Structures are given as C-alpha cells and as structure tokens.
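Visitor: Can you read through this structure? Questions will come right after.
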Amino acid sequence: MLVNRCRRATSLRGFTLVELMVTISVLAILVALALPSFHDFVAKQRVRNASFQLMAALVQTRSQAITQSGTVSLKRSGSTWNSGWSVTDDTNTFGRQESLARLSISDSNNLSAVAYGRDGRLASGATKFTVKPVDATNDAATHCIRIDLSGLPTSAQGACS
C-alpha cells in the first residue's frame, strides 16, 4: 500500500517553467490588446452614468416645482456643471450631486441654474447639456440632454446639434 502512494505522488507533475512563461506571455499580450478598448468602455460608462444622474436631477427638479407649486432650481455647485449640482427652492434642498471627475458637462446657454416654474415649464429658455469625457477625441462617448420649453428633458447619444 505504501509503495502505491509513492508511485502516484511521483507520477503527478506540475507545470514546467517554460509552460508557465508561455502562458504568462500570452496573457500579457491579450491584456495589452484589450486595455485600450477597456479604457473607452470605462469612459463611455462614466458619461452614461453622469447623463443619467443629470436627467434624474432635471426630472426631480421639475417634479418638485409642480409638487411645491413654486419655483425650484437645479443649481451648479461650482463654476462648471461637472463640479456637481443641487436641487433647491432656496429654502429646502431636495437632492445633491457631488463633483464628477474627468468629465466635461456644459450647457448651451452657460447657465448657473435651470429653474422650473410651478407649471413644470422652464423659467429660462430651452437649453441643451453636453456630457463628454475630458479626453474625448470623437463624439462616440458624448451624450446630449435637451430640455424643451415644456420642461421635459430628453437624452440622446451623440453631440448636440
């Protein structure tokens, strides 16, 4: 019985150093090929997430304006929209978004706030928001959020026209 155990142990072998090095080399090549695509994927997902959060904030602002029967604003927190924003009626804050890194969010009218009246319509004029990565070389990762005079925001992939 003891002899059989020793034979089984010697018949089991691991990987050779050459096999291990070939496997690691193939894995490194595959990672090097996939990394640029992964970078683009992450940038697109960051833009999608930010445009969804901006859309949700605009819908919340409009909803609060109708519910409160008064003016409610979506105000940017800093000098740009990617610094974050808050939904407020100047007395209460209904929502807040922290700053978004490595994104560029701009609006067509260079507004510091988007105000909704008690009827859910925009107090200012129609506007467009463009959300894109800071290092974007094309419009593939860009999202456009349009707000018409009725106050309804719509989102579409691609640059605002």
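Visitor: Could you tell me whether the stretch 110-126 includes any residue that is within 17 Å of the chain's Cα centre (by Cα) and within 16 Å of ALA57 (Cβ to Cβ)?
Guide: No, the stretch 110-126 contains no residue that is within 17 Å of the chain's Cα centre (by Cα) and within 16 Å of ALA57 (Cβ to Cβ).
Visitor: Taking into account only those residues within the stretch 141-152 that are among the hydrophobic types (A, V, I, L, M, F, W, C) and within 14 Å of the chain's Cα centre (by Cα), which is modelled with the lowest pLDDT?
Guide: ALA141
Visitor: List the pairs whose first member sits in the stretch 26-43 and is under 14 Å from ASP135 (Cβ atoms) and surrounded by 10 or more Cβ atoms within 10 Å (Cβ to Cβ), whose second member is at pLDDT 85 or above and of a type outside the set (Asp, Glu), and whose Cβ atoms are under 6 Å apart, counting only residues at least 6 apart or on separate chains?
Guide: Pairs that qualify, where the first residue is under 14 Å from ASP135 (Cβ atoms) and surrounded by 10 or more Cβ atoms within 10 Å (Cβ to Cβ) and the partner is at pLDDT 85 or above and of a type outside the set (Asp, Glu), are ALA43/PRO133.
Visitor: Here's another thing I want to ask about it. If I ask for residues that are under 22 Å from SER150 (Cα atoms) and free of Cβ contacts under 8 Å to residues at least 12 places away in the same chain, which ones from the stretch 91-134 would you list?
Guide: Result: ASN110, single match.
Visitor: Is it the case that some residue within the stretch 131-141 is under 26 Å from ASP40 (Cβ atoms), hydrophobic (A, V, I, L, M, F, W, C) and part of a helix (DSSP H, G or I)?
Guide: Yes, there is a match, as at least one residue in the stretch 131-141 is under 26 Å from ASP40 (Cβ atoms), hydrophobic (A, V, I, L, M, F, W, C) and part of a helix (DSSP H, G or I).
Visitor: Residue by residue through the stretch 44-85, note down the ones that are surrounded by fewer than 14 Cβ atoms within 10 Å (Cβ to Cβ) and among the small types (Gly, Ala, Ser).
Guide: SER69, GLY78, SER79
Visitor: Consider only pairs whose beta carbons are under 8 Å apart and that are at least six residues apart or on different chains; among these, list those whose first residue lies in the stretch 147-161 and is farther than 19 Å from SER104 by Cβ and whose second residue is among the small types (Gly, Ala, Ser) and exposed (fewer than 14 other Cβ atoms within 10 Å of the Cβ).
Guide: ASP148/ALA126; LEU149/GLY125; LEU149/ALA126
Visitor: So, ASN49, is that one modelled with pLDDT of 90 or more, in a helix (DSSP H, G or I) and farther than 30 Å from ASP119 by Cβ or not? Before you say what the answer is, go through the steps one by one.
Guide: Working: modelled with pLDDT of 90 or more: yes; in a helix (DSSP H, G or I): yes; farther than 30 Å from ASP119 by Cβ: yes.
In short, yes.
Visitor: Quickly run through the stretch 9-23 and pick out the residues that are part of a helix (DSSP H, G or I) and surrounded by 10 or more Cβ atoms within 10 Å (Cβ to Cβ).
Guide: GLU19, LEU20, MET21, VAL22, THR23
Visitor: Right, next: Would you mind finding the one in ALA115, ALA156, ALA101 that is surrounded by fewer than 14 Cβ atoms within 10 Å (Cβ to Cβ) and either assigned to a strand (DSSP E or B) or in contact with an Asp or Glu (Cβ under 8 Å, 6 or more places away or on another chain) (or both)?
Guide: ALA156
Visitor: Of everything in the stretch 81-91 that's modelled with pLDDT of 90 or more and touching a strand residue (DSSP E or B) at 6+ places or on another chain (Cβ under 9 Å), which residue is farthest from SER63 (Cα to Cα)?
Guide: Quick first cut of the stretch 81-91, residues modelled with pLDDT of 90 or more only: 81, 83-89, 91.
Next cut, touching a strand residue (DSSP E or B) at 6+ places or on another chain (Cβ under 9 Å) only: 81, 83-89.
Working: TRP81: 21, SER83: 23, GLY84: 20, TRP85: 17, SER86: 14, VAL87: 11, THR88: 12, ASP89: 12 Å.
Only one residue tops the list, namely SER83.
The values are calculated or read from the model by the stated rules, or taken from the named source; none is laboratory data. Bear in mind that the values here come from a model prediction, so they are computed numbers and not experimental data. All Cβ positions, glycine included, derive from the backbone under ideal geometry; neighbour counts span all protein chains shown.
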